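The values are calculated or read from the model by the stated rules, or taken from the named source; none is laboratory data. Computed from a predicted structure; not experimentally measured. Backbone-built Cβ (ideal geometry, glycine too); neighbour counts: all protein chains shown. Only protein heavy atoms, including side chains, enter the accessible area calculation; ligands, DNA and RNA are left aside. Shrake-Rupley method; radii C 1.70, N 1.55, O 1.52, S 1.80 Å.
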Amino acid sequence: MNEKVNKFLTPAIFQSPLHMGPVNAWHGHMPFGFWCIENLKPKTLVELGSHYGDSFCSMCQTIKALKLFTKSYAVDTWQGDEHAGFYDDRIYLNLKAYHDVHYGDFSRLIRSTFDEALKHFADGSIDLLHIDGLHTYEAVKHDFDSWVPKLSERGVVLFHDINVHERNFGVWKLWNELKAQYPSFEFSISHGLGFLVVGKNPPPVALELCSLEDSDAEFLRGAFGRLGNAAILQSTVQEGRNSVRHFEASLQEKDNRIRNLSDSLEQRDLLLKIQAAKMSALAENSKRTIQV
Ligand SMILES: C[S@@+](CC[C@H](N)C(=O)[O-])C[C@H]1O[C@@H](n2cnc3c(N)ncnc32)[C@H](O)[C@@H]1O
């Protein structure tokens, strides 16, 4: 491995993810998410679209592990959309319970639309923006155009789903337009992730990443791909364990019901036996009375 590639394999990328929900779409990018925090050291991180909070918590995990001074914000209505599906309050409440305990001292969940949240951020204030809301071309272009003034001179934008060509997803189309205008790096795994350097004075490592020679870039993509697969495997095992736990709980419930039913059958048998004994005693008595 050459020095140019070696310098991108920094310690945080080898962490194990701590928070993984049931949707694994972003899990393969977690090592690169770790890398972005470790190497860009953003003062302010904003995520548009958090759902179960997996991408966001992976970045918060790194901020906490490295004791960085990053302030992080996740914006979402936590109601869903036509691509992620619509969902109820439990997802937000579960995430908030986890997030606030682990990351609440430097991070906030902002429950609003992306447009409503714009007013809470000054122009030129965001170093790292992750856009992962609704994935139609019109929606993601609107999100990028409305948030780009908020980016600082160091600003970098991550786009998820640049490699999805179905169900009216259009991030790929915006990505093709943007990568012709700004330095960029991209992954095709896990629905694709785009890394776009928008700021005029970015961290040098961001530009170095974007100017890797093809063979080095391919090697690095392979290395992050392997680590990403390990993260996906971890969540698959975790989901498998959860299913086994649910299965065992429902078996236990069925066992309990069977035990209750057989207890009440035993009681009924006993009552029947008592009734039968009483009846035969009565019959015996009445036989004797007739004989007398
Ligand atoms: C694909 S999910 C985010 C997944 C998340 N980044 C992950 O992989 O861990 C998209 C989320 O964006 C939210 N969303 C979409 N459009 C939005 C908008 N205009 N304002 C607020 N939230 C929005 C949805 O509620 C949904 O939870």
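Ordered by solvent-accessible area of protein heavy atoms (1.4 Å probe), largest first, the residues Glu208, Glu166 come out as Glu166, Glu208.
Dipole orientation for the chain: of the candidates Gly240, Ala217, Pro183, Gly240 has the Cα lying most toward the positive pole (charges on Cβ; Lys, Arg +1; Asp, Glu -1).
Shape class of the range 3-238 from the Cα gyration tensor (axes a ≥ b ≥ c, square roots of the eigenvalues): rounded, since a/c falls below 1.5. Each Lys and Arg Cβ is given +1 and each Asp and Glu Cβ -1; about its Cα centre, the range 100-220 then shows a dipole of about 360 debye.
Averaging Cα coordinates gives a centre for the range 111-175 and one for the range 76-92; these two points are 18 Å apart. Ordered by solvent-accessible area of protein heavy atoms (1.4 Å probe), largest first, the residues Arg245, Arg226 come out as Arg226, Arg245.
Beta bridges per DSSP, both residues in the chain: antiparallel share near 35 percent. When the range 3-238 is described by a simple charge dipole with +1 on each Lys and Arg Cβ and -1 on each Asp and Glu Cβ, the residue from Cys57, Phe69, Val156 located farthest towards its positive end is Phe69. The stretch between Asp88 and Lys273, if pulled fully straight at 0.36 nm per residue, gains 61.2 nm over its current Cα-Cα span. Taking the accessible area of the chain, probe 1.4 Å, and keeping the other protein chains in place, the carbon and sulfur fraction comes to 56%. Here the range 234-266 and the range 29-74 have alpha carbon centers that stand 38 Å from each other. Positive contributions from Lys and Arg (+1) and negative ones from Asp and Glu (-1), summed over other residues with Cβ under 15 Å from the Cβ of Leu227, come out at +1. When Lys173, Lys200 are compared by accessible surface with a 1.4 Å probe, the order from highest to lowest is Lys200, Lys173.
Accessible surface computed residue by residue for the chain, with neighbouring protein chains in place and a 1.4 Å probe, gives 55 Å² per residue.
Per-residue ellipticity at 222 nm, computed for the chain from helices alone with -39500 (n - 2.57) per DSSP H run of at least four residues, works out to -17000 deg cm²/dmol. Normalised by the number of residues in the range 3-238, the mean separation of alpha-carbon contacts (under 8 Å, six or more apart) gives a relative contact order of 22 percent. Surface calculation, 1.4 Å probe, protein heavy atoms: Leu220 sits at approximately 0 Å² accessible. Dipole size of the range 41-126 about its Cα centre, with +1 on Lys/Arg Cβ and -1 on Asp/Glu Cβ: approximately 580 debye, rounded to the nearest 20.
When only C-alpha pairs under 8 Å and at least 6 residues apart count, what is the relative contact order of the range 51-172, in percent? Relative contact order here is 22 percent. All other residues whose Cβ lies under 12 angstrom from that of Ser112 are scored, Lys and Arg at +1 and Asp and Glu at -1, for a net of 0. Between the residues Val46, Ile290, Leu109, the greatest Cα displacement towards the positive end of the dipole of the chain, with unit charges on the Cβ of Lys, Arg, Asp and Glu, is found for Ile290. Using only side-chain charges placed at the Cβ, +1 for Lys and Arg and -1 for Asp and Glu, the dipole size of the range 3-238 relative to its Cα centre rounds to 640 debye.
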